[in-house]
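First up is the structure itself, then whatever we jot down about it.
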Ligand code: GDP
C-alpha cells in the first residue's frame, strides 16, 4: 500500500532527483526504489505545490508530520517543538545548549545533570501557560539531517548560532542551505554579544545576503542577540522558539501506540542495549512491544531526560529505553505494536529486507562515477548529469555554476543538486549516493568520514583546483568522451 519514489516522481511530473533530494533532507528516503505510504506521498506532492484532491483536504492541513496517520486527526493535541542547534564551529553551539540547560533545569534535579541522554527539555512560561521546548543535545547537523537520512524528520525548528564577533562563515551558509532544503524554519541566535568586538548589525547584514531578513528590517526571520556566557536574552530566545512553534502548529495524538525516532543508541556493559528515543506521536509506556529499525524490544525501564525513572513518555519527549534485543542505529524509526508476537514478526522480516536493500543500494550506487556516466552518454542513455558541488568559497561556487550553465545541454542536462562552500561531508556523500550524483570538489577537502562513506557507497568524488579542468571533465562526460580511468 503506497508507491515508490520513482512512481511518485512520475505521478507528480517532477524530476526524480528533486523528489529524492527533498525526501533525503527530510530523512524519509535515500533510494528511488523505496516505497512511501500515502500520507507521505501526499505531503511530498504538496511540498511541490501540487494540489491533491481529497475529501478531507481540510483536516489534511493538520498533518504536520509524517508520523501522523488518518486515525489521529480527531485526537490531535499541541506538542512542544523539537529544536536542533546548528552553526559554524566555535560560534557557541555547545555553550548555548549548556547555558540554556543550566539556566532552566533546576540544579537539584538529577544531581546537576552531568549525564546527558541526547535531548533535554526546558519549561518556559509562555502567555500564562507552562510550556516546553525540547532540545536535541547533539550539536551539528547530523541530528538535523535526520541522522543521515535514516529516520523520519525529527526537527521542528533549527536554531542557527552565529557569533556576533565573527559573522556568517562557511558552515553557517551550509546550515542555512540544509535547513532550507528540509523546509525547517530557522531562528537565529546572534551569540557572544557580550564581546567588545560584537557587531550584531553586521551579522544581520550578512544573513540578509543569505536570504534571512530580520523582522526589525521588514523580513520574517527571527533573530535574537544572546550571550551563552552572561545568559543575556536566553529567555527571549526560548520565547521566540515558542512563537515560531505556534506558527508551525505542532500536534500529535497522545492516545495511541507510540512512534518516533532513535536519537542515540549504544551498548552499555551493565545494562545491555540502551537507546534514546524521541516520541513523535502516541505515548510510550513500560511493557510496550516495539520494533526499532529491525530490532525487537520490550520496554523494561525508561529514564527521562532528567534521569528520573518514568512510566510513560508523551509526544516530543525523549526517553532512554532499556529492553531492546540489539543496538539500533541513530535515525531509525521505532513503532509500538499491540502484541509482542506482531512486533517480533515485523522485526524479523525487516531484518531480512534491510539486508536486501543494503545490497541493492550498494549495487545501484556502484555505477555512479563520472566515467560510467560518460559511458552511458556514449550509448545515448544519459539524460541528466547530477552534480553536488562543494568549493572553497561562495565566489568559486558562483563562478563554477555560471560556467556550467554555459555548457551545451541539448543532449544531457546538468542538474546541480546542491552547491555550497565548505568541505565535502559525509552527508554530501549520502545525498550523492541517494540521487546518483557525482561530487565535484573545488579547492576543498574531505571531512572526516566522507572518504569511507564514498568508498562504501561507491560515490565518485572529483577534486579540482583549476576551473577549466573541471569544466573539461564534465563536458567530456556529457559527450561520452571521458577516457576511462586506470
Ligand atoms: P561550538 O563549536 O559552536 O560548540 O562552540 P563552543 O560552545 O565550544 O564555543 C566556542 C568558544 O566560544 C568557547 O571558548 C566558548 O567559551 C566561547 N563562547 C561561546 N559562547 C560565548 C558567548 O556568548 N560569549 C563569549 N564571550 N564567548 C563565548
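Kirkwood hydrodynamic radius of the chain from all distinct Cα pairs, in Å?
Working: mean 1/r = 0.0421 Å⁻¹.
Every distinct Cα pair counted, the radius reaches 23.8 Å.
Cα-based Rg of segment 262-384 per 2.2 N^0.38 Å, rounded to two decimals?
On the way: Rg = 19.6 Å, N = 123, 2.2 N^0.38 = 13.7 Å.
Taking N as the residue count of segment 262-384, the ratio is 1.43.
May I ask what percent, to the nearest 5, of DSSP beta bridges between residues of the chain are antiparallel? Provide the component values of the computation, followed by the final result.
Working: 45 of 82 bridges.
Approximately 55 percent, going by the DSSP bridge assignments.
For the chain, what is the mean residue ellipticity at 222 nm derived from helices alone (per DSSP H run of n ≥ 4: -39500 (n - 2.57); sum divided by total residues; nearest 500 deg cm²/dmol)? Numbers along the way, then the final one.
Numbers: 16 runs with 170 residues, N = 486.
Rounded to the nearest 500, it is -10500 deg cm²/dmol.
Restricting to segment 278-428, what percent of DSSP beta bridges are antiparallel, rounded to 5?
Numbers: 17 of 25 bridges.
Here the antiparallel bridges make up roughly 70 percent for segment 278-428.
Restricting to Cα pairs below 8 Å that are 6+ residues apart, what does the relative contact order work out to for the chain? Please round to a whole percent. Don't skip to the end; give the middle numbers.
Details: 1040 pairs, mean separation 66.1, N = 486.
It comes to 14 percent, rounded to a whole number.
Cα atoms only, segment 435-480: Rg and Dmax in Å?
Rg then Dmax for segment 435-480, in Å: 11.7, 34.
How large is the Kirkwood hydrodynamic radius of segment 302-449, counting all unique pairs of alpha carbons, in Å?
Working: mean 1/r = 0.0514 Å⁻¹.
19.5 Å is the Kirkwood radius here.
Using the 10 angstrom Cβ neighbour count as an exposure proxy, how do 72, 129 rank, fewest first? Walk me through the numbers on the way to the answer.
On the way: 72 20, 129 9.
Ascending number of Cβ neighbours within 10 Å: 129, 72.
When the Debye formula is applied to the Cα atoms of segment 390-486, each taken as the same point scatterer, what base-10 log of I(q)/I(0) results at q = 0.24 Å⁻¹?
So the normalised log intensities are -1.43.
Counting pairs of alpha carbon atoms under 8 Å apart in space and at least six apart in sequence, what relative contact order in percent does segment 276-434 give?
Values: 229 pairs, mean separation 30.6, N = 159.
19 percent.
To check you understand DSSP bridge types, tell me what percent of the beta bridges within segment 198-322 (both residues inside) are antiparallel, rounded to 5. Kindly include the intermediate steps, with their values, before the conclusion.
Numbers: 25 of 27 bridges.
If I count the DSSP bridges inside segment 198-322, around 95 percent turn out antiparallel.
Classify segment 177-256: rounded, prolate or oblate, from the alpha-carbon gyration tensor (a ≥ b ≥ c, eigenvalue square roots; a/c under 1.5 rounded; otherwise prolate if a/b is larger than b/c)? Please report the intermediate quantities before stating the final value.
Values: a/c = 2.48, a/b = 1.49, b/c = 1.66.
In terms of gyration-tensor shape, oblate.
What per residue convex hull volume, in Å³, comes out for segment 274-326 when only alpha-carbon positions are used?
Working: hull volume 3.4 nm³, N = 53.
Residue-normalised Cα hull volume stands at 64 Å³.
Using the alpha carbons of segment 406-448, what is the convex hull volume per residue in cubic angstrom, as a whole number? Intermediate results must be reported in sequence, preceding the final value.
Details: hull volume 3.5 nm³, N = 43.
Convex hull of Cα atoms, per residue: 81 Å³.
Convex hull volume of the Cα atoms in segment 188-307, per residue, in Å³? Kindly include the intermediate steps, with their values, before the conclusion.
Details: hull volume 21.9 nm³, N = 120.
Considering the Cα atoms of segment 188-307, their hull volume per residue is 182 Å³.
No value in this document is a laboratory result; all are computed from the given coordinates. Keep in mind it's a predicted model, so treat the numbers as computed, not measured. Using ideal geometry, Cβ is built from the backbone for each residue, glycine included, and neighbour counts are taken over all protein chains shown.
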